Amino acid sequence: MDKKLWNIIGDMYMDAKCSVLIGGEKSDWFTVGQGVHQGAPMSMLLFNLYMNPLLLELKVSNVGAHIADENVRCPAFADDVALLALSERSLQMLVDIAFVYNNKWRFTFNAKKSYYMVFGKGPNNGKVVLGNNDLKEVNEIKHLGTILKNDIGTDVDFIQSKITSGRRATYAVLSIGSKFNPVSPLSIDKVYKSQSLSRMLYGVEVANISEKSVKLLESSHWAIARSIQGLSKTTPNPHCSSINRLDVSRKHDRKSKNGFPVQNPVSTCGQYL
């Protein structure tokens, strides 16, 4: 890095002070000794530079889960980091690597907001610790907006929540305009495909989705297509496909093949997150 740029970044964080606005009143100014500036354009880059060595250490540790030749032991986005392993011992080794890194660089993982989950029906007689803190075992966990559960059954509630999210986005656009100046169905269709459908299908590639759940997605997809075109609820699917030609089941299959299979085989010895 150029010395001048290094000095500029240093000046940005030297003796940084903040004030908090609460109820229209400002607090006294106080010094911020760690962390990056909230909302600053460079903050994400600086944070990534700070955390990337940890992800590299986890990656080269040769511990944790993989799919074929793909290393999947530490999927992360910003400060949302997950560790994947095929055994309790492997997961503990990954947690220990993270704990050593946070001590080295003087930050702390919040043990109260860190959990672990066991996939499958294998025995779990031990525990996972972060430093001196026992991590809590949970039956479900939310990662990057997707709720993952430790059972292998079909999660209808998960699918229904996705459908509800997609519907809200579509109907919000349908409410724009007026009786005499409505929004064009073609415009609404573009919003549906770019926003609503993506919300409905986000995360389905890592969930255990049955054929019944896929049909539920299809049914909701066509119901929205009828609403977009102002058609009756009893209109057959082929008659409302002139605008919305997308096949949800095919799109779901493509996402699954690019990520994880629709029916995830779970090891009987358990998989750890």
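The values are calculated or read from the model by the stated rules, or taken from the named source; none is laboratory data. Source: prediction; values computed, not measured. All Cβ positions, glycine included, derive from the backbone under ideal geometry; neighbour counts span all protein chains shown. All accessible areas refer to the heavy atoms of the entire protein, side chains included, with ligands and DNA or RNA removed. Shrake-Rupley method; radii C 1.70, N 1.55, O 1.52, S 1.80 Å.
Overview of results
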| quantity | calculated |
| --- | --- |
| Of residues in segment 102-127 being modelled with pLDDT of 85 or more and outside any loop (DSSP other than H, G, I, E, B), the one surrounded by the most Cβ atoms within 10 Å (Cβ to Cβ) | TYR116 |
| Scope segment 76-93; condition part of a loop (DSSP other than H, G, I, E, B), at negative phi and within 18 Å of the chain's Cα centre (by Cα); matching residues | ASP79, ALA82, LEU83, LEU84 |
| The listed residue being modelled with pLDDT of 80 or more and closer than 13 Å to SER227 by Cβ, out of SER175, SER196 | SER196 |
| The one condition in (1) over 25 Å from ILE147 (Cα atoms); (2) open to solvent by less than 50 Å² (accessible area, probe 1.4 Å) that LEU58 fails to fulfil | (1) |
| Residues of segment 3-41 that turn out to be open to solvent by 100 Å² or more (accessible area, probe 1.4 Å) and either outside any loop (DSSP other than H, G, I, E, B) or basic (Lys, Arg) (or both), as a count | 9 |
| Residues of segment 47-63 satisfying the condition of being outside any loop (DSSP other than H, G, I, E, B) and either free of Cβ contacts under 8 Å to residues at least 40 places away in the same chain or within 10 Å of LEU94 (Cβ to Cβ) (or both) | PHE47, ASN48, LEU49, MET51, ASN52, LEU55, LEU56, GLU57, LEU58, LYS59, VAL60 |
| Which numbered condition PHE99 fails, given (1) open to solvent by 100 Å² or more (accessible area, probe 1.4 Å); (2) closer than 25 Å to LEU148 by Cα | (1) |
